[in-house]
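One structure below.
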Amino acid sequence: MEDLRNRLNAIDGGKILDVASGSGEFIHTLNHILHDFENITGIDKSNKAVFEGKNEFKDNEKVAFQRMDAYKMRFEDTTFDTVSISNSLHHFNDIKDVLNEMNRVLKPGGYFLINEMCCDEDQTEAQKNHILLHHWWAKVDSCFGSVHNSTYTKKQMETFIEELELDNLEIFEYAFPVENPKDENLTRKYLASIDPYIDPLKDKPEYKRLKEESEMIKQRIKEYGFAPARSVFFIGKKK
Ligand SMILES: C[S@@+](CC[C@H](N)C(=O)[O-])C[C@H]1O[C@@H](n2cnc3c(N)ncnc32)[C@H](O)[C@@H]1O
């Protein structure tokens, strides 16, 4: 994690575009960690996310949000010095189309940053609980028509990113450390979040299956605890 922090700390981001920004979770990271930048524009298709993002950064004149579809951005070619996407690849069905659209608006020589949780199996049982819970959230969201797929392995991500033919591709892997995955406050928080998440599904045919799955996940959280899954961070430059 130290290596990644140092690498990002050396980047002057210039004009940055953060795609599928939500309310700006990753923009907070960029804002704090980059050596410098001119401004950051976050785009998201959700009105709520854009509203919350604007509110979150109302005192930061270098950060702006726009409601926009990542598949069809209203930006000219080569507008940005840096483009980024964080924890959102699994929210798109056509990942290559989104990455190509990001590449279109990026200047030659500009930074392409991709940060994404991965589901590789060589993680602790507590981290696997994060992955299982995340995939279960995705299944519940999908019942309501949202695009929310399971997360990818590092290898799968590399396959998407390979096609961008980025220069100097660097790959970092990190996980936020947790001192005690079985900490009562931590596990209680996750256990308590499960039933309210599935309750709105009660009238749907998928409810029984997903409820059973949630009971299995609860048992695992009680047994092994909870820890953030590993993430993969790709940094490359457009040719
Ligand atoms: C899990 S959030 C990611 C938030 C943030 N980037 C982060 O690192 O936590 C995924 C976001 O993707 C957005 N999204 C999904 N499809 C999109 C699209 N076609 N265009 C723009 N945003 C989209 C959703 O609205 C949601 O806010």
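Just so you know, all these numbers are worked out from the coordinates, no wet-lab data involved. If you're wondering where the values come from, they're calculated on a predicted model, not measured in any experiment. Here the Cβ positions follow ideal geometry from the backbone for every residue, glycine too, while neighbour counts run over all protein chains shown.
Odds and ends about this structure:
- Cross-link pairs exceeding 30 Å in C-alpha to C-alpha distance, out of Lys58/Lys222; Lys58/Lys128; Lys72/Lys155, comprise Lys58/Lys222; Lys58/Lys128.
- Within the chain, percent of DSSP bridges classed antiparallel, to nearest 5: 35
- Sparsely packed loop sites in region 157-237 (the chymotrypsin sites (Phe, Trp or Tyr not before Pro) outside DSSP H, G, I, E and B with at most 14 other Cβ atoms within 10 Å) do not occur.
- For region 1-125: rounded, prolate or oblate by the Cα gyration tensor [a/c cutoff 1.5]: rounded
- When the chain is described by a simple charge dipole with +1 on each Lys and Arg Cβ and -1 on each Asp and Glu Cβ, the residue from Ala229, Leu133, Asn87 located farthest towards its positive end is Leu133.
- FRET efficiency, 1/(1 + (r/R0)^6) with R0 35 Å, evaluated for Glu173 and Tyr207 via beta carbons: 0.45
- Span-like helix criteria (full DSSP H runs; alpha carbon extent of at least 15 Å along the helix axis; mean Kyte-Doolittle hydropathy of at least -1.0) are satisfied in the chain by 95-105, 125-143, 184-198.
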